[in-house]
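First up is the structure itself, then whatever we jot down about it.
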Amino acid sequence: MTASQPLLPYARPIIDEDDIAAVAALLRSGAPLTDGPAVDAFEESLAKATGAAEAIACSSGTTALHLMMLALGVKEGDQVIVPTITFLATANAARFVGAEVIFADADPTTGLMTPENFEEALSRATPGKVKAVIPVHMNGQCCDMRGIVAIAKKHGIAVVEDACHALGGTYPGNESVPVGGLSDVAGACFSFHPVKAFATGEGGAITCADSKLAETLRILRCHGMEKNYDDPLMKEFSHASDGTPNPWFYEMPELGWNFRLSDIQCALGTSQLKKLPGFLARRTELMTHYEKALKPLAPVIQPIRRVGGHPGWHLNAVLVDFPAIGMERAHFVNRLKAEGVGVGVQYLPVHLQPYYQGLYGRRTLPGAEAYYAKCVSLPLFPGMSDADVDRVVAAVRKVAGL
Ligand SMILES: *Cc1c(COP(=O)(O)O)cnc(C)c1O
C-alpha cells in the first residue's frame, strides 16, 4: 500500500444506474416535483420495510427529530433527556422548541445510553418536567428499549428513537421487530444523508404507530396547513353561504414549517430502499471480516461490545487504547490518512460543546468521555471489498506498531 492509493473514506453511498433511471423517469413523467404521489409511494415502502403503521418523510433526520418534539408538544420549560454520545442534532431538536436538555451518560464499551444512564439523568432532572427521552442507536446497535420504555412509562415520558444509525436492523431480544417498528414508543427518526443506510441527498423520516400523531406530523411538515372541511375553525372561509366548500380554503391552527421531502428525492429514496437489505447484508459481512482481522490486535484495539440483535451497522467503531500505543489520536488518524485510510471520530460528547457548556456548565459524564477517548470509526460502506478491509487492518497494525 502506498500513500498514492485513493483515500478509502469512512462512508460512501452507492448510486446505481437504476437509481438514476428512477429519478430521470420522475422528472420526465411530468409528475409533481413536490407534494406528489412519489412521496406517498416512498412513505408506503418505508412503512412496509420497518413494519410501522405510518411513515412520514421529511427534509432531514434533524427535521424528523424537530417535528417529533413539536408534535409531542415539547416546549419551553420542559426537559428532554438526550445521550451525550450522539450527533448535535439530537440535542438541538429539544432546543429548537425551547426545552432544556439533560444529558445522559453512556456505556463506555458500546457508546449506548443504558437504562441505568437514563435513570441517573432522570435523577438530575426536575420532577414532572421531563417530557421526552431520545435514545440513540449508536453505530447501528440498538439501546435496551425494553428497559428504557419501562422507565419512561413509569414517569409518563415519551420515547423518541434517534434511529438515524440503525435503519434495517432489529432489536436485541426482540429480533422479529425491525428498527422503527416498535409500537410502545412515540416514534423513530431516520436520516437519508449520504453517509447513512441509503441516500436521498438530504432527507429523513419518522415512523410511528399512531395515525393521529402521523396526521399532526404531516400538518406540521407543511406550514401547519389543514383543509378541514368537516370541522373548520373559520367557517366563513371554508364554505359559501349555501354550504358549498370553498376549494381554495386552508387554515393554520398551529405554527408549522416547510420540512417536506421532494418527489425527486422520494423517487431516489424508493429506488435506494429496495437495496437496503443487500446494503446491510454487505455491511454485516464486512463487520464479520473486520472482527476476525482485528482479533490479533486485542486488547489494545478492539471492536465495540456487541449487544445482540441484528444491528443496522452504520459505523464501524473500534476502541483504541492510545496510551498503550504511545500515540495521540490525532497522529493515529493523520498517519492512517497518509496510508489512504479515512477515519472518523463519532462523536465529540455533545455536553462538552461550547453552546451546551454555556447553558449548563461543565459536567463530567465518565462513561461517555471514556468512550470518546478511545473511539475511531474505520471505513464501512457496502461498496468496500474484503481486500479493502485487509488493507485497513494492515494500515492500523502498521501505524499502531502492533
Ligand atoms: C445523521 C444523524 C442525525 C441528523 O440527520 P441529518 O439527516 O443529517 O439531519 C441525527 N442523529 C444522528 C444520530 C445522526 O447520525
Quiz item: What is the local net charge at A31, summed over the other residues whose Cβ is closer than 12 Å to its Cβ (Lys, Arg +1; Asp, Glu -1)?
Solution: -2
Practice problem: Report, as a whole number in µm² per second, the diffusion coefficient that Stokes-Einstein gives for region 312-373 at 10 °C and 1.306 mPa s using the Kirkwood radius over alpha carbon pairs. | Solution: 116 µm²/s
Exercise. Could you work out how far helix 329-338 tilts from the main Cα principal axis of the chain, as a 0 to 90 degree angle to the nearest 10?
Key: 90 degrees
Quiz item: Taking Rh as the Kirkwood radius, which is the inverse of the mean 1/r over Cα pairs, what is the Rg/Rh value for the chain?
Solution: 1.01
Practice problem: Take the cross-link list K48/K196; K295/K374; K131/K235; K75/K235; K131/K374 and give me the ones stretching past 28 Å between alpha-carbons. | Solution: K131/K235; K75/K235; K131/K374
Exercise. Wrap a convex hull around the Cα atoms of region 41-168, take a quarter of its surface area, and give that in square nanometres.
Key: 7.5 nm²
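Which order do the peptides 47-57, 345-355 take when ranked by the mean count of other beta-carbon atoms within 10 Å per residue, highest first? Walk me through the intermediate numbers first.
Values: 47-57: 21.1, 345-355: 17.2.
The peptides rank, most packed first, as 47-57, 345-355.
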Quiz item: With no solvent and one point on each alpha carbon, what is the Debye value of log10 I(q)/I(0) for region 1-103 at q = 0.13, 0.18 Å⁻¹?
Solution: -0.77, -1.01
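Ranked highest first by average number of other Cβ atoms within 10 Å, how do 315-321, 159-165, 272-278, 242-248 line up? Kindly include the intermediate steps, with their values, before the conclusion.
Numbers: 315-321: 22.1, 159-165: 28.3, 272-278: 16.9, 242-248: 8.3.
Going from most to least packed, we get 159-165, 315-321, 272-278, 242-248.
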Practice problem: Could you give the size of the charge dipole of the chain about its Cα centre, using +1 on the Cβ of each K and R and -1 on the Cβ of each D and E, expressed in debye and rounded to the nearest 20? | Solution: 1380 debye
Quiz item: When the chain is treated as a GNM, springs tying every alpha-carbon pair under 10 Å, which of H331, H193, H223 comes out with the largest mean-square fluctuation?
Solution: H331
Practice problem: For region 17-273, give the share of DSSP beta bridges that are antiparallel, in percent and rounded to the nearest 5; count only bridges with both residues there. | Solution: 50 percent
Practice problem: Have a look at region 276-400 and give its Rg and Dmax from the Cα atoms, expressed in angstrom. | Solution: 15.7, 47
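Throughout, read-outs are computed from the coordinates displayed, never taken from laboratory work. Values in this document were obtained by computation on a predicted structure and should not be read as measured data. Note that we place each Cβ from the backbone using ideal geometry, even for glycine, and neighbour counts take in every protein chain shown.
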